[in-house]
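Visitor: Mind having a look at this structure? Questions to follow.
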Amino acid sequence: MRPIYKPKRVIVTPSSNGKEYTKTLLHRIKKLNPSVEIIYSDDDQIQSPSVENKLVYLKETLVLTERKGKFISTFESPGAIVEDMTTVVSLNWHCAMDCEYCYLNNSISRVQWQYIYTNVDRIVGELKVEKYVQWVLRTIWSLYNEYSSDVQTKISSRFFSLADTIRIKNFKQPIIKDKTSALVYINTRLEELMNGINPNSSTNSYKEIKNKLIAHQDELLGSENKTVLKIAEMLNTPIQVVSKADNGISMKTVQDSLDALRKVVDQNSDLSQLQSLKKTLKNAKSILEKIDDISAEDMRDLRSKLADHFKASTQVTLTLLPMEYTDSFAIDHIDDNLLTFFKLMEKHPEFEIQLATKYPHVENLVEKYPHTNVRISVNFNPPKVIEQYERGTYSLEDRIKAVKLIQAKSNWRIRILMEPIILIDDYEQEYDALVHKLMKEIGSKQIDSICIGSMRMGPRLRSRIKQYFPNTDLIDEDKYPMDKPVFPDTKWRYKPETRADIYKKVIAIFGEYSMDHKVVLGAETSSAWDDIGLVIPK
């Protein structure tokens, strides 16, 4: 078994400096690594390191800080995939592992560091109302699915924004705090909430136009051309009109303000700096023509069904995932955040805690909370994949030992997570052998589901992989040919027939041992579900 994670340096921010918990963390880290470098920062906003290999430096570093905003959020995966509504708890950020394909490598340009939050106890207030917030969100989404003619296989970006706004406002001043206030919240804001999700609503259409105009104005203000600067100033009028469009200003007034600007832009169409704005103004007309707010009749129908949808939402299993942005078990020997979270969750047994890991060190939580409502996803891949593309993680044997420990000492439910499947040499034989090994050594005890998925990556992640792993063959088109994303999907993927073939074979081998396991696909398109005959969950 490989050594546990030991940071080479720790940065302590002002918000965490001097706290008893911070002192405890530093004491543990010094015991692990007596030569660890301790850096005391003057600012909670730590600047990006100016080093040659930024990724390695960040992986070697822990930052102790307080989280400023809410801990709980609704998670949205990009692209046209099938995914249930997931609620994430951010106990810490980034991961000590070094998996080449990890989407977190994308976030280095935004959230730079591996954070341990030293104020996790503040989550108590959010947990008190989380049940009711989830009821509200699930009811809204359920009602919109009732209204929409399109099948919604995952939450939309507009729903994600709406959910985030609701959570932020409720975090600052709780309005949704019990069953009654949750239902009242929806009932008194139903039209606003439904049209907030509706992509063709006037609210979203005006917002889209406004945001594009503001972006153009910011760009044009950097010009030295007097005509361009004048047009940038003229943008103030349509921006203000569109901003007030939901408060009584007619669509004709909006259109007239855009037409006036378009006329001036057309008169100066020889200026290259105006070409993008010219295109936006043309598209804005099309956006306005497509505005389609939910009708009064449809709204009355939705309101009549509100109570039933709300009741159904209160009967859905509520979940919390404290491990989306990190594998918390990787630093469980350093911080107490998972332990603190489990202790707080003793007062909220209605929630299922969802964990996901490649680490074998689960004994601490298993022994202290063997009967807690937990479903843990343990990730498996053939040894060749682990050694080549999942560096910094533990071996297949270590992961199997972790599952056996869970089975022997707890009632936790287990999901076998086999993703991403990577088309290494002889991959069919490798994954065939992996499934047989898992079923023979782990068996079916406490296994409630199996999730399989294949390699996928967005364009930006592909460039990150090239940058951080210059010697990798993971994006070698000759070895691993992938199709470019086709809208609305956003990921490069193996060919559909290749994915369907390996999925069917893996599922068939699992079926040789048991037909009782629920099988789902991880971050896959609806067509991939259809290709192998799986029913998309509602």
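Visitor: For the stretch 340-353, what does the Karplus curve 6.51 cos²θ - 1.76 cosθ + 1.60, with θ = phi - 60°, yield as ³J(HN,Hα) per residue in whole Hz, taken in order and with x for Gly and Pro?
Guide: 4, 5, 4, 5, 5, 6, 4, 8, 9, x, 6, 8, 8, 8
Visitor: If each residue's Cβ is checked for other Cβ atoms within 10 Å, how do Thr326, Thr237, Thr314 rank with the fewest at the top?
Guide: Lowest to highest Cβ neighbour count: Thr237, Thr314, Thr326.
Visitor: With no other cysteine's Cβ closer than 4.7 Å, which Cys residues of the chain count as lacking a disulfide-compatible partner?
Guide: So far as the 4.7 Å Cβ criterion goes, Cys95, Cys451 stand without a partner in the chain.
Visitor: Using packing as a proxy for protection, rank 254-264, 448-458 so that the peptide with the highest average count of other Cβ atoms within 10 Å comes first.
Guide: Packing order, densest peptide first, comes out as 448-458, 254-264.
Visitor: Let me ask something additional. Within the stretch 10-112, which trypsin sites (Lys or Arg not before Pro) sit in a loop by DSSP and count at most 14 neighbouring Cβ atoms inside 10 Å?
Guide: Qualifying residues, ordered by number: Lys68, Arg110.
Visitor: If the cut-off is a Cα-Cα distance under 19 Å, which lysines reach Lys491, setting aside same-chain residues fewer than 8 apart in sequence?
Guide: Lys154, Lys466, Lys479
Visitor: In degrees between 0 and 90, to the nearest 10, how far off the longest principal axis of the chain does helix 427-441 point, with axes built from Cα atoms?
Guide: Between helix and principal axis, roughly 60 degrees.
Visitor: Calculate how steeply helix 124-147 sits against the longest principal axis of the alpha-carbon atoms of the chain, using the helix alpha-carbon long axis, and give the answer as 0 to 90 degrees to the nearest 10.
Guide: Helix 124-147 sits roughly 60 degrees off the main axis of the chain.
Visitor: Can I ask one more? List, in order, the whole-Hz ³J(HN,Hα) value for each residue of the stretch 300-314 obtained from phi through the Karplus relation with A = 6.51, B = -1.76, C = 1.60 and θ = phi - 60°; use x for Gly and Pro.
Guide: Whole-Hz 3J(HN,Hα) from phi for the stretch 300-314: 5, 5, 5, 5, 5, 9, 4, 4, 5, 5, 5, 4, 4, 5, 6.
Visitor: Name the trypsin sites (Lys or Arg not before Pro) in the stretch 302-406 that are in a loop by DSSP and that have at most 13 other C-beta atoms within 10 Å, would you?
Guide: For trypsin sites (Lys or Arg not before Pro) across the stretch 302-406 that sit outside H, G, I, E and B with at most 13 neighbouring Cβ atoms in 10 Å, the list reads Lys347.
Visitor: Taking the 0 to 90 degree range and rounding to the nearest ten, how far is the long axis of helix 496-513 tilted relative to the main principal axis of the chain, both from C-alpha atoms?
Guide: Helix 496-513 sits roughly 40 degrees off the main axis of the chain.
Visitor: Only residues of the stretch 1-16 count here: report those whose backbone N is under 18 Å from the spot 7 Å along Cα→Cβ of Glu37, or say none.
Guide: Output list for this probe position: 6-13.
Visitor: Right, another one. Say R0 is 30 Å: what FRET efficiency, to the nearest 0.05, do Glu191 and Ala260 get from their beta-carbon distance?
Guide: The value I calculate is 0.45.
Visitor: Just flag the GluC sites (Glu not before Pro) in the stretch 68-111 sitting in loop per DSSP whose Cβ has no more than 12 other Cβ atoms within 10 Å.
Guide: For GluC sites (Glu not before Pro) across the stretch 68-111 that sit outside H, G, I, E and B with at most 12 neighbouring Cβ atoms in 10 Å, the list is empty.
Visitor: Too long at a 26 Å Cα-Cα cut-off: which of Lys169/Lys518; Lys169/Lys538; Lys54/Lys172; Lys19/Lys172; Lys244/Lys282; Lys30/Lys172?
Guide: Lys169/Lys518; Lys169/Lys538; Lys54/Lys172; Lys30/Lys172
Since every read-out is calculated from the coordinates, none of them should be taken as a lab result. Keep in mind that this is a model prediction, so the values were computed, not measured. So basically every Cβ, Gly included, is an ideal-geometry build from the backbone, and we count neighbours across all protein chains shown.
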